[in-house]
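I have placed the structure first, in the form of C-alpha coordinates, so that the comments after it can refer back to it.
The values are calculated or read from the model by the stated rules, or taken from the named source; none is laboratory data. Keep in mind it's a predicted model, so treat the numbers as computed, not measured. When we count neighbours, we look across all protein chains shown, and the Cβ atoms used for this are built from the backbone with ideal geometry, even at glycine. Quick note on the areas: whole protein, heavy atoms, side chains included, nothing else; ligands and nucleic acids left out. Shrake-Rupley method; radii C 1.70, N 1.55, O 1.52, S 1.80 Å.
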Amino acid sequence: MMINLYGYTLKQLENYLEHQGFKAFNARQIFQWLYKKHTSDFDRMTNLSKALREHLKQTHHVTSLDLFTAQKSADGTVKFLFALADDHLIEAVLMRHFYGVSLCITTQVGCNIGCSFCASGLKKRIRNLKTAEMVAQVMAAQKKTGEKISHVVLMGTGEPFDNFDNCMDFIDIIKEPHGLEIGARHITVSTSGIVPKIDAFAERQNQVNLAISLHATTDKLRSALMPINDAYPIAELLAGVKRYITSTNRRVTFEYLMLKGLNDSISDADRLSDLLRGINCYVNLIPYNPISEFDYQGSEKKVQTAFHQRLLKRGITATLREEKGADIDAACGQLRAKKTK
Ligand code: SAH
Ligand code: SF4
(Lines give C-alpha, C1' and ligand atoms only; values in the text may rest on other atoms or scores of the structure.)
(Ligands and ions follow the chains in the order given, each with its own letter.)
Protein backbone atom coordinates (compact mmCIF):
# COMPACT_ATOMS: atom_id res chain seq x y z
CA MET A 1 0.00 0.00 0.00
CA MET A 2 1.26 3.49 -0.85
CA ILE A 3 1.80 5.76 2.14
CA ASN A 4 0.96 9.45 2.17
CA LEU A 5 4.08 11.48 2.97
CA TYR A 6 1.92 14.19 4.58
CA GLY A 7 1.25 11.79 7.46
CA TYR A 8 4.77 11.76 8.94
CA THR A 9 6.10 13.95 11.68
CA LEU A 10 9.74 14.85 11.04
CA LYS A 11 10.85 12.38 13.71
CA GLN A 12 8.75 9.57 12.24
CA LEU A 13 10.13 10.24 8.77
CA GLU A 14 13.70 10.26 10.10
CA ASN A 15 13.11 6.91 11.79
CA TYR A 16 11.52 5.47 8.69
CA LEU A 17 14.35 6.61 6.41
CA GLU A 18 17.07 5.37 8.73
CA HIS A 19 15.31 2.06 9.01
CA GLN A 20 15.34 1.83 5.20
CA GLY A 21 19.06 2.55 5.05
CA PHE A 22 18.80 6.24 4.10
CA LYS A 23 19.98 9.21 6.13
CA ALA A 24 17.99 10.94 8.86
CA PHE A 25 18.76 14.37 7.37
CA ASN A 26 16.93 13.35 4.19
CA ALA A 27 13.74 13.82 6.22
CA ARG A 28 14.50 17.51 6.64
CA GLN A 29 15.13 17.85 2.93
CA ILE A 30 11.83 16.16 2.13
CA PHE A 31 10.00 18.43 4.60
CA GLN A 32 11.50 21.45 2.90
CA TRP A 33 10.38 20.28 -0.52
CA LEU A 34 6.87 19.48 0.67
CA TYR A 35 6.17 22.42 2.93
CA LYS A 36 8.55 25.23 2.01
CA LYS A 37 8.80 24.75 -1.74
CA HIS A 38 5.38 23.15 -2.20
CA THR A 39 6.76 20.41 -4.40
CA SER A 40 5.21 16.98 -4.36
CA ASP A 41 6.96 15.71 -7.48
CA PHE A 42 9.76 13.38 -6.36
CA ASP A 43 11.73 14.00 -9.56
CA ARG A 44 12.11 17.65 -8.62
CA MET A 45 13.56 16.86 -5.20
CA THR A 46 17.02 17.14 -6.72
CA ASN A 47 19.06 17.07 -3.53
CA LEU A 48 17.82 13.56 -2.75
CA SER A 49 19.78 10.61 -4.12
CA LYS A 50 18.36 8.83 -7.13
CA ALA A 51 17.93 5.71 -5.00
CA LEU A 52 15.85 7.59 -2.44
CA ARG A 53 13.69 9.21 -5.10
CA GLU A 54 13.06 5.81 -6.66
CA HIS A 55 12.24 4.34 -3.25
CA LEU A 56 9.76 7.11 -2.54
CA LYS A 57 8.10 6.70 -5.92
CA GLN A 58 7.58 3.01 -5.31
CA THR A 59 6.22 3.34 -1.78
CA HIS A 60 4.82 6.83 -1.17
CA HIS A 61 2.52 9.44 -2.57
CA VAL A 62 1.72 13.02 -1.68
CA THR A 63 -1.97 13.40 -2.04
CA SER A 64 -3.90 16.53 -1.54
CA LEU A 65 -7.66 16.49 -1.12
CA ASP A 66 -10.20 16.71 -3.90
CA LEU A 67 -11.68 20.17 -3.72
CA PHE A 68 -15.41 20.01 -4.36
CA THR A 69 -16.34 23.62 -3.79
CA ALA A 70 -14.89 26.79 -2.29
CA GLN A 71 -17.66 29.14 -1.18
CA LYS A 72 -16.84 32.75 -0.44
CA SER A 73 -18.60 34.78 2.21
CA ALA A 74 -19.14 38.53 1.96
CA ASP A 75 -16.55 39.03 4.74
CA GLY A 76 -13.84 37.14 2.83
CA THR A 77 -14.27 33.85 4.69
CA VAL A 78 -13.91 30.81 2.43
CA LYS A 79 -15.52 27.46 3.14
CA PHE A 80 -13.86 24.52 1.43
CA LEU A 81 -15.68 21.28 0.84
CA PHE A 82 -13.28 18.38 0.27
CA ALA A 83 -13.87 14.78 -0.73
CA LEU A 84 -11.72 12.17 1.02
CA ALA A 85 -10.42 9.12 -0.83
CA ASP A 86 -13.36 7.06 0.49
CA ASP A 87 -15.78 9.77 -0.69
CA HIS A 88 -16.68 11.20 2.70
CA LEU A 89 -17.01 14.96 2.61
CA ILE A 90 -15.33 17.29 5.05
CA GLU A 91 -15.08 21.06 5.44
CA ALA A 92 -12.41 23.56 6.38
CA VAL A 93 -12.94 27.29 6.84
CA LEU A 94 -10.41 30.01 6.04
CA MET A 95 -10.80 33.35 7.79
CA ARG A 96 -8.94 36.58 7.24
CA HIS A 97 -8.11 38.60 10.33
CA PHE A 98 -6.04 41.71 10.91
CA TYR A 99 -3.36 39.45 12.40
CA GLY A 100 -3.23 36.87 9.62
CA VAL A 101 -5.08 34.06 7.91
CA SER A 102 -6.53 31.25 9.99
CA LEU A 103 -7.82 27.88 8.96
CA CYS A 104 -10.39 25.95 10.97
CA ILE A 105 -9.89 22.28 10.21
CA THR A 106 -11.99 19.14 10.56
CA THR A 107 -10.65 16.31 12.72
CA GLN A 108 -13.30 13.58 12.30
CA VAL A 109 -16.00 12.59 9.86
CA GLY A 110 -19.03 13.28 12.08
CA CYS A 111 -18.74 13.58 15.86
CA ASN A 112 -19.77 11.22 18.66
CA ILE A 113 -20.13 13.78 21.41
CA GLY A 114 -23.60 14.73 20.18
CA CYS A 115 -24.01 18.22 21.61
CA SER A 116 -27.62 19.22 21.22
CA PHE A 117 -26.88 22.56 19.52
CA CYS A 118 -24.25 21.47 16.98
CA ALA A 119 -24.79 20.46 13.38
CA SER A 120 -21.55 18.47 13.37
CA GLY A 121 -22.96 16.15 16.01
CA LEU A 122 -26.01 15.31 13.92
CA LYS A 123 -23.90 12.69 12.20
CA LYS A 124 -22.33 10.14 14.50
CA ARG A 125 -18.62 9.70 14.07
CA ILE A 126 -17.97 7.70 10.96
CA ARG A 127 -14.22 7.70 11.30
CA ASN A 128 -11.24 9.63 12.55
CA LEU A 129 -9.32 11.68 10.04
CA LYS A 130 -5.82 10.48 9.38
CA THR A 131 -2.98 12.85 10.12
CA ALA A 132 -2.28 13.26 6.40
CA GLU A 133 -5.91 14.26 5.79
CA MET A 134 -5.57 17.09 8.28
CA VAL A 135 -2.26 18.28 6.82
CA ALA A 136 -3.81 18.08 3.35
CA GLN A 137 -6.55 20.53 4.40
CA VAL A 138 -3.90 23.13 5.17
CA MET A 139 -1.97 22.44 1.97
CA ALA A 140 -5.10 22.56 -0.18
CA ALA A 141 -6.34 25.81 1.37
CA GLN A 142 -2.95 27.45 0.79
CA LYS A 143 -2.80 26.21 -2.76
CA LYS A 144 -6.30 27.36 -3.61
CA THR A 145 -5.95 30.87 -2.16
CA GLY A 146 -2.22 31.39 -2.67
CA GLU A 147 -2.12 32.68 0.91
CA LYS A 148 0.07 31.48 3.74
CA ILE A 149 -1.95 30.08 6.62
CA SER A 150 -0.59 31.71 9.78
CA HIS A 151 -3.01 30.26 12.34
CA VAL A 152 -4.74 26.89 12.64
CA VAL A 153 -7.68 26.03 14.89
CA LEU A 154 -8.89 22.48 15.45
CA MET A 155 -12.52 23.58 15.71
CA GLY A 156 -14.23 22.17 12.66
CA THR A 157 -16.28 18.98 12.72
CA GLY A 158 -15.13 16.48 15.30
CA GLU A 159 -13.72 16.25 18.80
CA PRO A 160 -9.91 16.53 18.53
CA PHE A 161 -9.37 14.72 21.84
CA ASP A 162 -11.38 11.78 20.53
CA ASN A 163 -8.73 11.50 17.76
CA PHE A 164 -5.87 12.45 20.03
CA ASP A 165 -2.77 10.82 18.52
CA ASN A 166 -3.48 11.88 14.95
CA CYS A 167 -4.26 15.44 16.07
CA MET A 168 -1.03 15.63 18.07
CA ASP A 169 1.00 14.36 15.09
CA PHE A 170 -0.78 16.91 12.90
CA ILE A 171 0.23 19.69 15.28
CA ASP A 172 3.85 18.50 15.31
CA ILE A 173 3.91 18.51 11.51
CA ILE A 174 2.50 22.01 11.00
CA LYS A 175 4.75 23.43 13.74
CA GLU A 176 7.94 21.97 12.28
CA PRO A 177 10.50 24.72 11.58
CA HIS A 178 11.71 22.82 8.48
CA GLY A 179 8.11 22.70 7.27
CA LEU A 180 5.08 24.98 7.54
CA GLU A 181 6.50 26.55 10.68
CA ILE A 182 3.20 27.60 12.20
CA GLY A 183 3.97 28.84 15.72
CA ALA A 184 2.59 26.79 18.60
CA ARG A 185 0.95 29.91 19.94
CA HIS A 186 -0.85 30.27 16.63
CA ILE A 187 -2.48 26.85 17.00
CA THR A 188 -5.60 26.25 19.09
CA VAL A 189 -7.25 22.98 20.03
CA SER A 190 -10.86 23.13 21.21
CA THR A 191 -12.36 20.34 23.28
CA SER A 192 -15.76 19.56 24.70
CA GLY A 193 -13.92 18.51 27.86
CA ILE A 194 -12.45 14.99 27.79
CA VAL A 195 -10.52 15.36 31.04
CA PRO A 196 -7.93 12.54 30.77
CA LYS A 197 -6.92 13.96 27.39
CA ILE A 198 -6.52 17.43 28.88
CA ASP A 199 -3.96 15.84 31.21
CA ALA A 200 -2.27 14.08 28.30
CA PHE A 201 -2.21 17.35 26.36
CA ALA A 202 -0.60 19.11 29.34
CA GLU A 203 2.15 16.50 29.41
CA ARG A 204 3.20 17.43 25.90
CA GLN A 205 4.23 20.93 27.08
CA ASN A 206 4.06 22.28 23.59
CA GLN A 207 2.73 25.84 24.01
CA VAL A 208 -0.33 25.15 21.86
CA ASN A 209 -3.49 27.01 22.97
CA LEU A 210 -6.28 25.10 24.64
CA ALA A 211 -9.95 26.13 24.44
CA ILE A 212 -12.66 24.47 26.49
CA SER A 213 -16.30 24.46 25.40
CA LEU A 214 -18.06 25.19 28.68
CA HIS A 215 -21.42 26.72 27.67
CA ALA A 216 -23.18 26.27 31.02
CA THR A 217 -22.64 26.90 34.72
CA THR A 218 -24.74 24.08 36.19
CA ASP A 219 -24.32 20.36 35.58
CA LYS A 220 -28.04 20.08 34.89
CA LEU A 221 -27.95 22.45 31.94
CA ARG A 222 -24.51 21.39 30.72
CA SER A 223 -25.54 17.73 30.65
CA ALA A 224 -28.66 18.67 28.70
CA LEU A 225 -26.56 20.56 26.16
CA MET A 226 -23.49 18.34 26.12
CA PRO A 227 -23.84 14.68 27.10
CA ILE A 228 -20.06 14.53 27.74
CA ASN A 229 -20.84 16.36 30.99
CA ASP A 230 -22.26 13.15 32.45
CA ALA A 231 -18.82 11.59 32.13
CA TYR A 232 -16.84 14.70 33.13
CA PRO A 233 -19.02 17.12 35.11
CA ILE A 234 -18.07 20.76 35.58
CA ALA A 235 -16.11 20.33 38.84
CA GLU A 236 -13.96 17.57 37.32
CA LEU A 237 -13.47 19.55 34.13
CA LEU A 238 -12.33 22.63 36.01
CA ALA A 239 -10.03 20.54 38.22
CA GLY A 240 -8.45 19.17 35.01
CA VAL A 241 -8.09 22.67 33.59
CA LYS A 242 -6.40 23.83 36.80
CA ARG A 243 -3.94 20.93 36.61
CA TYR A 244 -3.24 21.89 33.00
CA ILE A 245 -2.55 25.51 33.96
CA THR A 246 -0.31 24.52 36.86
CA SER A 247 1.72 22.21 34.69
CA THR A 248 1.97 24.39 31.55
CA ASN A 249 1.67 27.90 32.93
CA ARG A 250 -0.58 28.67 29.97
CA ARG A 251 -3.80 30.65 29.92
CA VAL A 252 -6.91 28.74 28.87
CA THR A 253 -9.87 29.98 26.85
CA PHE A 254 -13.41 29.07 27.83
CA GLU A 255 -15.96 29.16 25.07
CA TYR A 256 -19.46 30.06 26.14
CA LEU A 257 -22.30 29.85 23.68
CA MET A 258 -25.06 32.39 24.32
CA LEU A 259 -28.45 30.68 24.18
CA LYS A 260 -31.56 32.78 24.61
CA GLY A 261 -33.31 32.19 27.93
CA LEU A 262 -31.09 29.21 28.81
CA ASN A 263 -27.69 30.37 29.96
CA ASP A 264 -27.65 34.12 29.37
CA SER A 265 -29.03 35.69 32.57
CA ILE A 266 -27.11 37.91 34.94
CA SER A 267 -27.15 35.12 37.53
CA ASP A 268 -25.51 32.85 34.91
CA ALA A 269 -22.83 35.49 34.47
CA ASP A 270 -22.36 35.62 38.23
CA ARG A 271 -22.14 31.84 38.53
CA LEU A 272 -19.67 31.77 35.65
CA SER A 273 -17.44 34.36 37.23
CA ASP A 274 -17.56 32.50 40.56
CA LEU A 275 -16.59 29.25 38.84
CA LEU A 276 -13.68 30.82 36.98
CA ARG A 277 -12.36 33.12 39.67
CA GLY A 278 -8.67 32.52 40.23
CA ILE A 279 -8.26 30.45 37.06
CA ASN A 280 -5.81 31.92 34.51
CA CYS A 281 -8.30 32.13 31.68
CA TYR A 282 -10.37 34.25 29.43
CA VAL A 283 -13.90 33.77 28.23
CA ASN A 284 -14.95 33.88 24.62
CA LEU A 285 -18.68 34.57 24.37
CA ILE A 286 -19.98 32.99 21.17
CA PRO A 287 -23.20 34.11 19.47
CA TYR A 288 -25.29 31.04 18.63
CA ASN A 289 -25.49 30.17 14.96
CA PRO A 290 -28.96 28.84 14.23
CA ILE A 291 -29.24 25.28 12.93
CA SER A 292 -32.52 24.52 11.19
CA GLU A 293 -33.03 21.16 12.96
CA PHE A 294 -32.82 22.70 16.45
CA ASP A 295 -35.12 25.06 18.36
CA TYR A 296 -32.39 27.04 20.11
CA GLN A 297 -32.20 30.77 19.61
CA GLY A 298 -29.24 33.04 20.10
CA SER A 299 -29.29 35.62 22.87
CA GLU A 300 -30.26 39.13 21.85
CA LYS A 301 -27.46 41.57 21.26
CA LYS A 302 -28.26 43.63 24.33
CA VAL A 303 -28.39 40.51 26.51
CA GLN A 304 -24.98 39.47 25.16
CA THR A 305 -23.60 42.90 25.95
CA ALA A 306 -25.07 42.92 29.48
CA PHE A 307 -23.60 39.45 30.13
CA HIS A 308 -20.24 40.54 28.80
CA GLN A 309 -20.23 43.70 30.92
CA ARG A 310 -21.19 41.73 34.01
CA LEU A 311 -18.24 39.37 33.57
CA LEU A 312 -15.86 42.29 33.11
CA LYS A 313 -17.26 44.01 36.17
CA ARG A 314 -16.69 40.89 38.22
CA GLY A 315 -13.07 40.68 37.11
CA ILE A 316 -13.28 38.04 34.36
CA THR A 317 -11.54 38.83 31.07
CA ALA A 318 -14.00 38.20 28.28
CA THR A 319 -14.62 39.03 24.64
CA LEU A 320 -17.70 38.77 22.46
CA ARG A 321 -16.70 36.83 19.37
CA GLU A 322 -17.40 38.35 16.00
CA GLU A 323 -18.94 35.78 13.72
CA LYS A 324 -17.52 35.10 10.31
CA GLY A 325 -19.01 33.27 7.39
CA ALA A 326 -22.52 32.75 8.81
CA ASP A 327 -24.02 33.56 5.39
CA ILE A 328 -22.38 30.43 3.93
CA ASP A 329 -23.01 28.16 6.95
CA ALA A 330 -19.32 28.28 7.75
CA ALA A 331 -19.66 29.57 11.29
CA CYS A 332 -19.07 27.45 14.39
CA GLY A 333 -21.40 24.53 14.69
CA GLN A 334 -22.79 24.98 11.20
CA LEU A 335 -20.43 22.57 9.46
CA ARG A 336 -22.11 19.47 8.20
CA ALA A 337 -20.59 18.83 4.80
CA LYS A 338 -23.64 19.31 2.60
CA LYS A 339 -23.06 19.07 -1.11
CA THR A 340 -26.12 21.10 -2.04
CA LYS A 341 -25.97 24.85 -1.25
N1 SAH B 1 -15.50 19.41 19.33
C2 SAH B 1 -14.76 20.53 19.77
C3 SAH B 1 -14.30 21.42 18.64
C4 SAH B 1 -15.25 21.64 17.50
S5 SAH B 1 -16.71 22.56 17.89
C6 SAH B 1 -15.57 21.32 20.78
O7 SAH B 1 -16.74 21.06 20.96
O8 SAH B 1 -14.98 22.18 21.42
C9 SAH B 1 -16.06 24.22 17.95
C10 SAH B 1 -16.91 25.19 18.77
O11 SAH B 1 -18.14 25.48 18.09
C12 SAH B 1 -17.30 24.65 20.14
O13 SAH B 1 -17.09 25.61 21.15
C14 SAH B 1 -18.78 24.39 19.95
O15 SAH B 1 -19.44 24.35 21.16
C16 SAH B 1 -19.18 25.52 19.05
N17 SAH B 1 -20.49 25.35 18.43
C18 SAH B 1 -21.12 24.21 18.12
N19 SAH B 1 -22.33 24.46 17.56
C20 SAH B 1 -22.46 25.80 17.52
C21 SAH B 1 -23.47 26.69 17.04
N22 SAH B 1 -24.57 26.22 16.49
N23 SAH B 1 -23.26 28.01 17.14
C24 SAH B 1 -22.10 28.51 17.68
N25 SAH B 1 -21.11 27.72 18.13
C26 SAH B 1 -21.28 26.38 18.07
FE1 SF4 C 1 -18.78 17.47 18.51
FE2 SF4 C 1 -17.81 19.87 19.27
FE3 SF4 C 1 -20.10 19.68 17.84
FE4 SF4 C 1 -20.07 18.89 20.39
S5 SF4 C 1 -19.74 20.97 19.62
S6 SF4 C 1 -21.00 17.77 18.65
S7 SF4 C 1 -18.02 18.04 20.54
S8 SF4 C 1 -18.06 19.11 17.15
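Points to keep in mind about this one:
- Rolling a 1.4 Å probe over the protein heavy atoms gives the chain an accessible area of 44 Å² per residue.
- The HN-Hα couplings worked out from phi for the range 172-183 by the Karplus form 6.51 cos²θ - 1.76 cosθ + 1.60 (θ = phi - 60°) are 4, 5, 6, 7, 3, x, 7, x, 5, 6, 8, x Hz, whole numbers, x standing for Gly and Pro.
- Taking amide H as placed 1.01 Å from N in the peptide plane, the amide H of T63 sits under 5 Å from that of L5, Y6, each at least 5 places away or on another chain.
- The range 91-137: C-alpha gyration tensor shape, a/c 1.5 cut-off, then a/b vs b/c: oblate
- Cα long-axis angle, helix 131-145 against the chain (0 to 90 degrees, to the nearest 10): 90
- Once the Cα atoms are used to define both axes, helix 266-276 deviates from the longest principal axis of the chain by about 50 degrees.
- Of the whole protein surface, E322 contributes about 130 Å² of accessible area at a 1.4 Å probe radius.
- Computed over the Cα atoms of the range 66-328, the ratio of the radius of gyration to the Kirkwood radius (Rg/Rh) comes to 0.94.
- Applying a DSSP loop filter and a limit of 15 other Cβ atoms within 10 Å to the trypsin sites (Lys or Arg not before Pro) in the range 1-98 leaves K23, K37.
- Shape call, the range 3-61: gyration tensor on alpha carbons, a/c limit 1.5: rounded
- Exposed-site-free run, longest, the chain (rule: chymotrypsin sites (Phe, Trp or Tyr not before Pro); DSSP loop; at most 10 other C-beta within 10 Å): 100-341
- Note on the range 192-316: Cα Rg divided by 2.2 N^0.38 Å, N the number of residues, gives 1.06.
- With Cα atoms defining each centre, the range 293-310 and the range 98-113 are spaced 24 Å apart in the structure.
- Figure note: H151, H186, H60 ranked by solvent-accessible area, largest first, 1.4 Å probe, ligands and nucleic acids not counted: H186, H151, H60.
- With 32 Å as the limit on Cα-Cα distance, the pairs of K144/K301; K260/K324; K50/K79; K79/K124; K11/K143; K11/K148 that go past it are K144/K301; K50/K79.
- Here the Karplus curve 6.51 cos²θ - 1.76 cosθ + 1.60, taken at θ = phi - 60°, turns the phi angles of the range 15-30 into couplings of 4, 4, 5, 4, 4, 8, x, 9, 9, 4, 5, 4, 5, 4, 4, 5 Hz, with x standing for Gly and Pro.
- Backbone amide hydrogens, once placed in the peptide plane, bring V101 within less than 5 Å of S150, H151, excluding anything fewer than 5 places away on its chain.
- Backbone phi angles across the range 151-157, fed through the Karplus curve with coefficients 6.51, -1.76 and 1.60 (θ = phi - 60°), yield HN-Hα couplings of 9, 10, 10, 8, 9, x, 4 Hz in residue order; Gly and Pro are listed as x.
- Qualifying trypsin sites (Lys or Arg not before Pro) in the range 143-212, DSSP loop, other Cβ atoms within 10 Å at most 14: K148
- A compact globular protein would have a Cα radius of gyration near 2.2 N^0.38 Å; the ratio found for the range 11-145 is 1.26.
- Listed residues Q142, G278, F170: farthest to the positive end of the dipole of the range 66-328 (Cβ charges): G278
- Estimated purely from DSSP H runs of n ≥ 4, each contributing -39500 (n - 2.57), the mean residue ellipticity at 222 nm for the chain is -10000 deg cm²/dmol once divided by its residues.
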